[in-house]
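As structure tokens, the structure follows; a few thoughts come after it.
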Amino acid sequence: MKAEPLYFAGIDLGSTMTKVVIIDAGERLLSRVESHTGAEHRRLANRVMEEALALAGLPFSEIAYVVATGYGRINVPFADRQITELTCHARGVASLFPGVRTALDIGGQDAKGLKLKDGKLVDFVMNDKCAAGTGRFLEVIARTLGLELAELGSLSLKSANPVSISNTCTVFAQQEVTTRLSDGVPLEDIVAGLHQAIASRAVGMLRQLKIEPEVVFTGGVAKNSGVVKAVRENLGGEVLVPDDPLISGALGAALLGQDILQKAQAKGETVIRQERRLAEATFFQQT
């Protein structure tokens, strides 16, 4: 008798963005959903999971295991397990780039450096004390400049003479940017200078680990081509970026769910929690 396919879900409830991915047993990505994180984490988790299931054409009962990660992971009541974002990011990045040894992840509110060996997390460093050098920092500066966040990357690539931005503290950087504008500095040179400041800060953090190739850059800020260019220049070497750098944590969570289930099955253990199965019929109707 042919075995039924198994499906796994990972949900990364981050400080600014929530991501869900669903994969099958062959690790193929069936669906992915992202949404801005709001105050009502439980309701948001329900909604993005519903959207991901609809895109995959699956009922919730077909999901064999759900792993939640990120700052709000404890607020995902349908998850079978919660796992830290560091472990999930490492698993996700290693699945995309098996040769990765160093990973940089810059999200909405923090930056993380990961050291991996044979696909496993062995060390890390984090900057989560303030929004400096993160996606939130870029959002604030974009508003100060009267730009959309998505415009920053392509604009900075036009710069021929990036200016030095001495402050990455959001408040002082805003003041410095305003002064540069008043001095007549071209907008693209200001943005490129900001990207260089972010990259310098991030790479400086990363150097607390022993940086070894392959180096991978993930997180929402990795979608900014100007920051990617600046990180490469600061490292003086190649930096790999996934096609979808925002979902590495959610992808890693789904893959870890698959790992957990496979290991348990190999030992003849049962891992599907009865309380989640009992909740399936009514869970997504909760408001």
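The values are calculated or read from the model by the stated rules, or taken from the named source; none is laboratory data. Computed from a predicted model, the values in this text were never measured in an experiment. Virtual Cβ from ideal backbone geometry, glycine too; neighbours counted across all protein chains shown.
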Index of the failed condition, LYS115 passing every other in (1) of a type in the set (Lys, Arg); (2) modelled with pLDDT of 85 or more; (3) within 21 Å of the chain's Cα centre (by Cα); (4) in a loop (DSSP other than H, G, I, E, B): (4)
Pairs, first over 13 Å from ALA25 (Cβ atoms) in the range 253-267, second modelled with pLDDT under 90, C-beta under 6 Å, six or more apart: ALA264/VAL271
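Specify the residue that is nearest to PRO245 (Cα to Cα); the eligible residues are those in the range 54-85 that are assigned to a helix (DSSP H, G or I) and free of Cβ contacts under 8 Å to residues at least 40 places away in the same chain.
If we filter the range 54-85 for residues that are assigned to a helix (DSSP H, G or I), which is where we start, we get 54-56, 60-62, 73-75, 85.
Add one more test, that the residue is free of Cβ contacts under 8 Å to residues at least 40 places away in the same chain, and what stays is 54-55, 74.
Values: ALA54: 23, LEU55: 20, ILE74: 24 Å.
My answer is LEU55.
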Please go through the range 169-183 and give me each residue that is more than 17 Å from ARG201 (Cα to Cα) and assigned to a loop (DSSP other than H, G, I, E, B), ordered by number. ASP183
Would you confirm whether or not the range 140-149 contains a residue that is at pLDDT below 90, part of a helix (DSSP H, G or I) and in contact with a strand residue (DSSP E or B) (Cβ under 8 Å, 6 or more places away or on another chain)? no
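Go through the range 1-23 and give me each residue that's acidic (Asp, Glu) and modelled with pLDDT of 95 or more. Give the derivation first.
Restricting attention to the range 1-23, the residues satisfying the condition of being acidic (Asp, Glu) are 4, 12.
ASP12, the sole residue that qualifies.
Does the range 39-46 contain at least one residue that is more than 28 Å from VAL140 (Cα to Cα) and surrounded by fewer than 24 Cβ atoms within 10 Å (Cβ to Cβ)?
Start the filter on the range 39-46 by keeping residues that are more than 28 Å from VAL140 (Cα to Cα), which leaves 46.
Filter again for surrounded by fewer than 24 Cβ atoms within 10 Å (Cβ to Cβ), leaving 46.
Checking the range 39-46: at least one residue is more than 28 Å from VAL140 (Cα to Cα) and surrounded by fewer than 24 Cβ atoms within 10 Å (Cβ to Cβ).
Can you find, within the range 178-237, the residue that is nearest to LEU152 (Cα to Cα) among those that are of a type in the set (D, E, K, R) and in contact with a Ser or Thr (Cβ under 9 Å, 6 or more places away or on another chain)?
As a first pass, look at the range 178-237 and keep what is of a type in the set (D, E, K, R): 180, 183, 188-189, 201, 207, 210, 212, 214, 223, 229, 232-233.
Restricting the remaining residues to those that are in contact with a Ser or Thr (Cβ under 9 Å, 6 or more places away or on another chain) gives 188-189, 201, 210, 212, 214, 229.
Working: GLU188: 8, ASP189: 11, ARG201: 18, LYS210: 30, GLU212: 29, GLU214: 26, LYS229: 12 Å.
Of everything passing the filter in the range 178-237, GLU188 is nearest to LEU152 (Cα to Cα).
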